[in-house]
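J.: Below is the structure I would like to discuss, written out as structure tokens.
The values are calculated or read from the model by the stated rules, or taken from the named source; none is laboratory data. For clarity, every value in this text was computed on a predicted model and none was experimentally measured. As a convention, Cβ positions derive from the backbone with ideal geometry for all residues, glycine included, and neighbour counts pool all protein chains shown.
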Amino acid sequence: EEQGQEFGILSSATSRAEFGVLYADKNPRDQAYASEKKDDGILPQYQSTLKQQVGIVVAGSAGERVQSAAKKLCEAAVVSNLHCTQKNDNPVTQGSGFSLAEVIISPNEIFYTGIETPDAVIVVSEDGMNELHEKHLLDRLTKSTVLILDSSLMKPHTEANIIEYPYRKEFGGAKAAMKAMEFYVKQSGVFPVEALSPASG
């Protein structure tokens, strides 16, 4: 106060709704701008039996189509009449280092896009594994988490259910993430695997 500054509130315990909910309340969909251009987008063709939200983390190397594979997973989820979000992460050195994607699939609208404890983690390269260690993400896995690893990688110490396969050796680095993702869809039944076929074509 002697310096002419005023005391204020440093923190507030007042709870508030998720940003997505507040934004939707402020900007109703029925008042959104409607383009005259005809675009049907992605139309649902399949039905999923998914009852609750799942979070999937995919980690690999830059330039090996990790984020493209995650995009195809999202498209297949939408084709299966589900909601989906995707967040990507990679270093500023484009084309080298790690490549990471976080995907949330849900039968309900998604407002919070963070993944605290993943339901599934797919790791197909050393770059991806190193980044997950750096983020301490592997420390948050539980017994219910499925960890799909390329068999060339060292198993981490975790409670997760580890499934190994030589994706890189059999399919090459550029297809490893997509093939591991196809396995996850078949193994989990998150949506019909047929929905992934047009998306991965």
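J.: Restricting attention to the stretch 62-98, which residues are touching a helix residue (DSSP H, G or I) at 6+ places or on another chain (Cβ under 8 Å) and of a type in the set (A, V, I, L, M, F, W, C)?
T.: Residues satisfying the conditions are 62, 66, 69, 70, 73, 76, 77, 79, 84, 98.
J.: Report every pair of residues separated by at least 6 positions or lying on different chains whose Cβ atoms are under 7 Å apart, first residue within the stretch 133-155 and more than 18 Å from residue 181 (Cβ to Cβ), second at pLDDT 95 or above and in a helix (DSSP H, G or I).
T.: 138/132
J.: Quick one: count up the residues across the stretch 163-199 that are outside any helix (DSSP H, G or I), under 20 Å from the mean Cα position of the chain (by Cα) and crowded, with 16+ Cβ neighbours inside 10 Å.
T.: So the count comes out to 4.
J.: A further question on this structure: Among the residues of the stretch 97-114, are any in contact with an Asp or Glu (Cβ under 9 Å, 6 or more places away or on another chain), in contact (Cβ under 8 Å) with a residue 40 or more places away in the chain and more than 24 Å from residue 167 (Cα to Cα)?
T.: Yes, the stretch 97-114 has at least one match.
J.: Checking the condition assigned to a loop (DSSP other than H, G, I, E, B) and aliphatic (A, V, I, L, M), which residue from 115, 122 passes?
T.: Checking each option against the conditions leaves just 115.
J.: Out of the residues in the stretch 39-92 that are in a strand (DSSP E or B), under 12 Å from the mean Cα position of the chain (by Cα) and of a type in the set (S, T, N, Q), state the one that is farthest from residue 148 (Cα to Cα).
T.: 85
J.: Here's something else I'd like to know. Which pairs have Cβ atoms under 7 Å, sit 6 or more apart or on different chains, and link a residue in the stretch 65-76 that is within 13 Å of residue 124 (Cα to Cα) and in contact (Cβ under 8 Å) with a residue 40 or more places away in the chain to one that is surrounded by fewer than 20 Cβ atoms within 10 Å (Cβ to Cβ) and of a type in the set (A, V, I, L, M)?
T.: 65/174
J.: Pick out the one residue from 115, 148 that is surrounded by 15 or more Cβ atoms within 10 Å (Cβ to Cβ) and under 20 Å from residue 196 (Cβ atoms).
T.: When all the criteria are applied, what remains is 148.
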